[in-house]
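First comes the structure, then the notes that go with it.
Read-outs: derived from the displayed coordinates by stated rules, not from any lab. Note that this is a predicted model, so its numbers are computed, not measured. Cβ sites come from the backbone with ideal geometry, for glycine too, and all protein chains shown count toward neighbours.
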Amino acid sequence: MRTRKIISIIILLILAGGFILTFSQIPFGKDKINVAHYYISKGIEETGAVNIVTSVVLNYRGFDTLGEVTVLFIAAIGLGAVLFTEKRVQKHASKSKDDKTKKASLILRTGSNLLFPLILLFGAYIFVHGHLTPGGGFQGGAVIASGFLLMYLAFPKQSINKKSLSVVESLSGLIFVGIGLFGLIFSGYFLSNFLPKGIPNTLFSAGIIPIIYIAVGFKVGFELTSVIDDLLGRGK
Amino acid sequence: MVNPSLLIGLPLAFAFSIPLFGLISKKIEKYIPIIALFINMVISFMLIPQILKKPIVVSIGGWSPPFCINLVVGPLGILLATLISGIGFLVSIYAVSYIKEEPTEKYHILFLLLMVGAIGIVLTGDIFNLFVFFEILCISSYALVAYYKDKEGTEAAMKYLIQGSVGSSFILIGVALLYGFFGTLNMADIASRITSANPTYLFITLAFLITGFGIEAAIFPLNAWLPDAHSSAPSSISAILSGIAIKTGVYGVARMVYTIFNANSILLFIAFLGLLTLLIGEMCAFRQDDIKRLLAYSSIGQIGLIIFALGIATSLGVFASLFQIVSHALAKALLFLAAGYMIYRVGSKSIASLNGLGKKMPLTSFAFTIGSFSLIGLPPFAGFVSKLSIVYAAMQVKKPVFLAFIAIALIATIIEAGYFFKIVQNLYFKEGKNLDKITESSGYILIPIAILAILIIVIGVHPQFITGLLKASARELLERAGYIGWVLGGT
Amino acid sequence: MSLIYNWMYYIASGGLILIGMYIILVKTNLIKIIIGLNFIDTGVNILLVCIGYVKGRTAPIFSTSRINPTNVVDPVPQALVLTAIVIGVAVLALALSIAIKVYEHNKTLNVTKIRGLKW
């Protein structure tokens, strides 16, 4: 144990030395923008989104986001695969659990009934307005999943229909890839922004960005919900 | 012209649609990876002649590089993409009857996404995108290693996950440092400006990136996860991990060292590391009595040989290294697939339990023999040509160090021959116990095994089928000005 | 003062990465190791954000006319951090699920007591 500590402290010292030598070369707070100048100056005109981060995430670097959505999909599927249990065993386990789990308190139940639709609405607002205000599909999806988590806490016995969750997940993933392939057909580039850009700073603008963000919002929200569901030990 | 972005887009679409097909019928899902990877293989074969004439650079989203992500499909990219989709296609045929444990639907999704990750890594021209695809590959393989949910599998997956995600964090630190200095993420753009940074900064950044990719490539001393993960995964996944996943780590190291950093000064160190990995892998393999662990350690040894040849850094050396990548991918996939089914029939992973299988499963055992002879480097198999060219390349350098190196590498090969001959001898000449009920493998198992064995012999007898592509790929790695020119235009 | 100002965020990010590495190398509880992985992720994300920061500028969202292109920070690192956070969440979720299975098989989370394979 002791030698392990000494070795690890030596490794950490080497790492720390590396950090000091490299960080001192990157001046903090100075303007070092290079490629991003293009995004800042041309972004609104070329993508129609006033939120430049969104236009970078979904247009200039849209391929990363496709990968990112895929990573989350893998996590949800992988979680399902690792925690998969046969149905028969599952029923037995849940029966014994039922005796132990108490009902949630009245305040929690009433409060979450009241809050749940509002949370969903807020999540939807965040991902629909991703190209106008801070936020977007991932943030909105996380908010939606938190609403579902609240419902799980308030009503531990009820569970969501996993099949519909997985259908929404795959459909929204397909929409994202499909838009990419449509871009390839219409303008020759995968994931290109082939729809009309509209007037910037209005809801119906920025071409494919809102559509993708709505799909991403649904996908992330339902994926995180199914992750919560799996981790609660409900299985299929 | 076929757009190379289809190579990534189509399998991704198929992977997303597997749950929908699962609603229609439970029987369709296992054929989807076969269809997707077959289409991929056909597309990549169609692209090869075009790319040999002129590499294709496609932008994603329609802006010119460096302002958007672009795929750079050079000879090296298409070589590895063809290899990945070809082996993936064969392994997915194998999986049709091999994978029976539920939830099979999730297995097929994860498998297809693993292939997407590997293809993305070798085709992308953007360093952050490389990281994202690397994560796709890693995360799906963590989940697949734990697929059987048994004691060993979950433990190995945990170990792999911890080391792998430290590695990917290191890659991300390296990417952040590169962006902090150069303000761009396009690999060609970074490569063209690399001289403007100071050497210490570059060295530390490169160290982060090589450590990160080295964990996936299992270069000594970062190889602790590999034997466990490769031996406790389902055999089809072991074949993919050994045949393809670790090669993407090697690709990452090669791309960083040659194209981006142009770091000629550390090449000797890399050759030395490779040699160390080779020796340690082969010596550990010699002591194993579990067949899958033995194959996993032998993979470490072979990766060491590949890295060693990369470190030679002459055009012949890089050519030999790429040839070794191809021949090892074919042979190791074959060995894992054949051994996997023998284990399935016998019910035990120990080498002693395979005694006498040569009479009961003649075709599978014969294929296993071909694979192991190719790994040792016997003619007329593919491994012979690749090992011979590595030796030849090292002799040509005319530095005394390399002569010593090649002597050590030959000793390692002798060790390798020792344990493989022992297994093959046991297969054929020892009497086994309780073998009465064992029969030959079924069609879905034999087809991929047979195709791999035939490929090994064909490439061994007629290496000229692939040498053109391999030479062009070696040129792509060594002439970085050419790579920068393809992407940014001009030279 | 300016020294602290210039180094504060770098120290935070480097410190988080080092703490995470220390946890992974020394601690034996599996959950703690997973928390260590998350420390590293957070540290790298902070590093990315401070690389993109420019003193005195605002977020690159042109929703009002008061913001002009010379007055915003670098948008690319923020996009990268968004991706990196999601990847971190994915790894974390998968790690926890595998840890659940490891616990079911071994009835312990102490990695030195899990003897099936060498650690």
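Between the DSSP loop rule and a limit of at most 15 other Cβ atoms within 10 Å, which GluC sites (Glu not before Pro) in the range B:435-491 are left? Each step should come with its number before you reach the end.
Numbers: sites: B:Glu440, B:Glu476, B:Glu479; in loops: B:Glu440, B:Glu479.
Hits after loop and neighbour filter: B:Glu440, B:Glu479.
Within a Cβ distance under 14 Å of B:Gly340, other residues only, what is the Lys/Arg minus Asp/Glu net charge? Spell out each step's value before the answer.
Details: positive: B:Lys100, B:Lys292, B:Arg293, B:Lys332, B:Arg345, B:Lys349; negative: B:Glu101, B:Asp290.
Charge balance in the 14 Å sphere: +4.
Which value, in nm² and rounded to one decimal, describes the direction-averaged projected area of the C-alpha convex hull of chain A? Display every interim value, and only then the final one.
Details: hull surface 79.0 nm².
Mean projected area for chain A: 19.7 nm², to one decimal.
Comparing A:Thr202, A:Thr225, A:Thr22, which has the greatest mean-square fluctuation in the GNM of chain A with Cα pairs linked when under 10 Å apart?
Among A:Thr202, A:Thr225, A:Thr22, the largest mean-square fluctuation in the Gaussian network model of chain A belongs to A:Thr22.
Have a look at A:Gln25, A:Gln139, A:Gln158 and tell me which one the Gaussian network model of chain A (Cα, springs below 10 Å) gives the largest fluctuation.
Maximum among the listed residues: A:Gln25.
Between the helical axis of B:151-182 and the dominant principal axis of chain B, each derived from Cα atoms, what acute angle in degrees is found, rounded to the nearest 10?
Orientation of helix B:151-182: about 10 degrees from the principal axis.
Select from B:Pro379, B:Tyr444, B:Phe208 the residue farthest towards the positive end of the dipole of chain B; place +1 on Cβ of Lys and Arg, -1 on Cβ of Asp and Glu, and compute about the Cα centre.
B:Pro379
So how tilted is helix B:127-145 from the main axis of chain B? Cα-based, degrees 0 to 90, rounded to 10.
For B:127-145 against chain B, the angle is about 10 degrees.
List the trypsin sites (Lys or Arg not before Pro) within the range B:55-152 that fall in a DSSP loop (any state other than H, G, I, E or B) and whose Cβ has at most 16 other Cβ atoms within 10 Å.
Values: sites: B:Lys100, B:Lys106, B:Lys149, B:Lys151; in loops: B:Lys100, B:Lys149.
In loop regions of the range B:55-152 (DSSP not H, G, I, E or B), the sparsely surrounded trypsin sites (Lys or Arg not before Pro) are B:Lys100.
Return a whole-number percent for the relative contact order of the range A:2-231, with Cα pairs under 8 Å and 6 or more residues apart as the contact set. Display every interim value, and only then the final one.
Values: 256 pairs, mean separation 61.4, N = 230.
Computed value for the range A:2-231: 27 percent relative contact order.
Sorted from fewest to most neighbouring beta carbons within 10 Å, what does the list C:Ile31, B:Ile266, B:Ile93 look like?
Working: C:Ile31 13, B:Ile266 17, B:Ile93 26.
Fewest-to-most Cβ neighbours within 10 Å comes out as C:Ile31, B:Ile266, B:Ile93.
Give the cross-link partners of B:Lys349 among the aspartates and glutamates, using a straight C-alpha distance below 12 Å as the criterion and excluding same-chain residues fewer than 8 apart.
Filter leaves B:Asp289, B:Asp290.
Please report, for the Cα atoms of the range C:11-119, the Rg to one decimal and the Dmax as a whole number; what are they, in angstrom?
For the range C:11-119, the Cα-based Rg and Dmax read 19.3, 64 Å.
Convex hull over the alpha-carbon atoms of the range B:6-488: what's its volume per residue in Å³?
Numbers: hull volume 62.3 nm³, N = 483.
Measuring per residue, one finds 129 Å³ for the Cα hull of the range B:6-488.
In whole Hz, what ³J(HN,Hα) sequence does the range A:131-147 give by Karplus (6.51, -1.76, 1.60; θ = phi - 60°), x for Gly and Pro?
For the range A:131-147, the Karplus-derived couplings read 8, 10, 10, x, x, x, x, 5, 5, x, x, 5, 4, 4, 4, 5, x Hz, x marking Gly and Pro.
Which value, in debye to the nearest 20, gives the size of the charge dipole of the range B:289-402 about its Cα centre, when Lys and Arg are +1 and Asp and Glu are -1 at the Cβ? Please report the intermediate quantities before stating the final value.
Working: 10 positive and 2 negative charges, 21 e Å.
In debye, rounded to 20, the range B:289-402 gives about 100.
Report the one residue of B:Ser141, A:Val56, B:Phe402 whose Cα lies farthest in the direction of the positive end of the charge dipole of the protein assembly as shown (charges on C-beta: Lys and Arg +1, Asp and Glu -1; origin at the Cα centre).
Of B:Ser141, A:Val56, B:Phe402, it is B:Ser141.
Rounded to the nearest 5, what is the percent of antiparallel bridges among the DSSP beta bridges in the protein assembly as shown?
Working: 9 of 11 bridges.
Expressed as a percentage, antiparallel bridges in the protein assembly as shown total about 80.
Of A:Phe222, A:Phe73, A:Phe84, which is the most mobile in a GNM of chain A whose springs link Cα atoms less than 10 angstrom apart?
Highest fluctuation among the options: A:Phe84.
Please state the Cα pair-distance histogram of the protein assembly as shown with 20 angstrom bins from zero: what percent is in each bin?
With 20 Å bins starting at 0, P(r) equals 16, 50, 30, 4, 0.
Normalised by the residues of chain C, what does the relative contact order come to in percent, with Cα pairs under 8 Å and at least six apart? Spell out each step's value before the answer.
Working: 115 pairs, mean separation 29.6, N = 119.
Value for chain C: 25 percent.
Over all alpha-carbon pairs in the range B:100-143, figure out the percentage whose distance exceeds 11 Å.
Numbers: 573 of 946 pairs.
Of all Cα-Cα pairs in the range B:100-143, 61 percent lie more than 11 Å apart.
Compute, for the range A:2-231, the length of the dipole vector about the Cα centre, with Cβ point charges of +1 (Lys, Arg) and -1 (Asp, Glu) only. Units Debye, rounded to 20. Before the final figure, lay out each step's value.
On the way: 21 positive and 12 negative charges, 224 e Å.
The calculation lands at about 1080 debye.
Restricting to Cα pairs below 8 Å that are 6+ residues apart, what does the relative contact order work out to for the range B:4-68? Please round to a whole percent.
Numbers: 27 pairs, mean separation 21.2, N = 65.
About 33 percent, as a whole number.
Kindly express, to the nearest 10 degrees and within the range 0 to 90, the angle between helix B:400-429's C-alpha long axis and the longest C-alpha principal axis of chain B.
It works out to around 30 degrees.
Using only Cα atoms, figure out Rg for the range B:225-356 and give it as a multiple of 2.2 N^0.38 Å.
Working: Rg = 15.8 Å, N = 132, 2.2 N^0.38 = 14.1 Å.
Relative to the 2.2 N^0.38 Å estimate, the range B:225-356 comes out at 1.12.
For every other residue with a beta carbon closer than 14 angstrom to the beta carbon of B:Val253, add +1 if it is Lys or Arg and -1 if Asp or Glu, then tell me the sum. Please report the intermediate quantities before stating the final value.
Values: positive: B:Lys247, B:Arg255; negative: B:Glu216.
Value of the local net charge: +1.
Rounded to whole Å and sorted largest first, list the principal axis extents of the Cα atoms in the range C:70-109.
Principal extents (largest minus smallest coordinate, Cα): 59, 12, 6 Å.
Counting only other residues whose beta carbon sits under 12 Å from that of B:Ser59, what net charge do I get with K and R as +1, D and E as -1? Can you show the working numbers first?
Details: positive: A:Arg61; negative: B:Asp126.
Around B:Ser59, the surrounding residues sum to 0.
Spelling out what I want: for every residue of the range B:317-328, take phi, set θ = phi - 60°, compute 6.51 cos²θ - 1.76 cosθ + 1.60 (Karplus), and round to whole Hz; glycine and proline get x.
x, 5, 4, 5, 5, 5, 4, 5, 4, 5, 5, 5
Past the 18 Å Cα-Cα mark, which pairs from A:Lys219/B:Lys100; B:Lys151/C:Lys107; B:Lys332/B:Lys471; B:Lys30/B:Lys332; B:Lys27/B:Lys106? Each step should come with its number before you reach the end.
Values: A:Lys219/B:Lys100 29 Å; B:Lys151/C:Lys107 11 Å; B:Lys332/B:Lys471 23 Å; B:Lys30/B:Lys332 23 Å; B:Lys27/B:Lys106 13 Å.
With Cα atoms farther than 18 Å apart: A:Lys219/B:Lys100; B:Lys332/B:Lys471; B:Lys30/B:Lys332.
Which order do A:His37, B:His108, A:His129, B:His230 fall in if you start with the one that has the fewest other Cβ atoms within 10 Å?
On the way: A:His37 13, B:His108 26, A:His129 19, B:His230 29.
Lowest to highest Cβ neighbour count: A:His37, A:His129, B:His108, B:His230.
From largest to smallest, what semi-axes in whole angstrom does the range C:18-70 give when each is the square root of 5 times an eigenvalue of its alpha carbon gyration tensor? Spell out each step's value before the answer.
On the way: eigenvalues 294, 22, 5 Å².
Computed over the range C:18-70, the values are 38, 11, 5 Å.
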